[in-house]
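The values are calculated or read from the model by the stated rules, or taken from the named source; none is laboratory data. This structure is a prediction, so every number in the text was calculated from the model and none was measured. Keep in mind that these areas ignore ligands, DNA and RNA; they rest on the heavy atoms of the full protein, side chains included. Shrake-Rupley method; radii C 1.70, N 1.55, O 1.52, S 1.80 Å.
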Amino acid sequence: MRAKLNAQPNQSLIDGIATLQALATSPEPVGCRELARRLDADPTKINRLLKTLAYLGIARQTANRKYTAGAGMHVLAAQSLFASGLIRRALPVLEGLRRFGHTVALGVLWGDSVSYLFHAPPGIEASAGLGRIGLLPATTSGIGIVLLSEHDDDEVRDIYRDREIPMFPDGIEQLIAKLAEVRALGYARVHVADERDHHVVAVSTGDPAHAGLALSGWIPEAATEPLVAALREAAPEIGG
C-alpha cells in the first residue's frame, strides 16, 4: 500500500525526485531539453533542478554539457542498500534458490515500473545478477504483478489512468481481474509471451510488502506449487 498523504504534497520535492529518477535511469548522458521533454516539464525548471543536483554532487556535467549520475548518486544508492540491509540479507537466500535451475530475481515497485535489484539467469555468477537490468513495465513482470496486487483497486486505477497497460490489451479491468486472482492465490503466475515463452512465479516479501521475489523459466503448471512453497519459505529470511 502507498502511504496516505496527511498534508499537501510538496510539488518542488516531487519535481526534484522525478528529475533525479529520470537522470538515474538514463542509459547515457542527457541534455536539459531532452530530459524536460521526457518529463513533459518546463526546460527552465529542469535546468535549475539539474544545476542544483550538480551542486550537490548527485549529478555531474560532462564535457559536452550533458548530465549524468554523479558520485553523490552512487553514495545514496550504497547508503540506502547498506542501511536497509535488504541485499545483505537477500544474497544468501537468492543463491539458495538457484538450485532450481531457473532465473532468480528480486525487485521493487516504483509507480508503474519494476526495478530489479537482482536478476540472475542460470549459468552466471551470482554477483553478476546485481543491478543487471533496469526498469521494466510492472505488468510484464511477475514481481510487478504481485506487488501491484498489494495496492487496492482504486490505487491501481490511479497508477494507470489514461495509460496503455503492457500485456493487458483489454485495459484496466483485465488487470484488476488478474490482481484479484493473485490476491486469492497469494502469489503471481505470469506467462511471458515473447521469444522465451516462459513463466514467472512470484511472491511478495516484507511486512508491509515492499519487494518481490521470483523464479522464472520453463515452469509447467504442475511445478508451480513446490516453487511457490520455496519462495514463501525464502521470503521471511529476506524480510524487511
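Seen against the Cα atoms of the chain and their longest principal axis, helix 43-56 is set at about 80 degrees.
Annotation: aspartates and glutamates with alpha-carbon distance below 19 angstrom to Lys45 (same-chain offsets under eight excluded): Asp15, Glu34. When the helices of the chain are scored as -39500 (n - 2.57) per DSSP H run of n ≥ 4 and the total is divided over every residue, the value at 222 nm lands at -13500 deg cm²/dmol. Counting only protein heavy atoms and a 1.4 Å probe, the range 11-74 has 62 square angstrom of accessible area per residue. Over all pairs of different C-alpha atoms, the range 84-239 has a mean inverse distance whose reciprocal, the Kirkwood radius, equals 15.5 Å.
With respect to the chain, whose longest principal axis is taken over its alpha-carbon atoms, helix 86-97 is tilted by about 30°. For the chain, averaging the sequence separation of C-alpha pairs within contact (under 8 Å, six or more residues apart) and dividing by the residue count gives a relative contact order of 15 percent. Computed extension gain for Ala180 through Arg163, at 0.36 nm per residue and net of the alpha carbon distance, reaches 4.1 nm. Counting only protein heavy atoms and a probe of 1.4 Å, the accessible surface of the chain is 55% carbon and sulfur.
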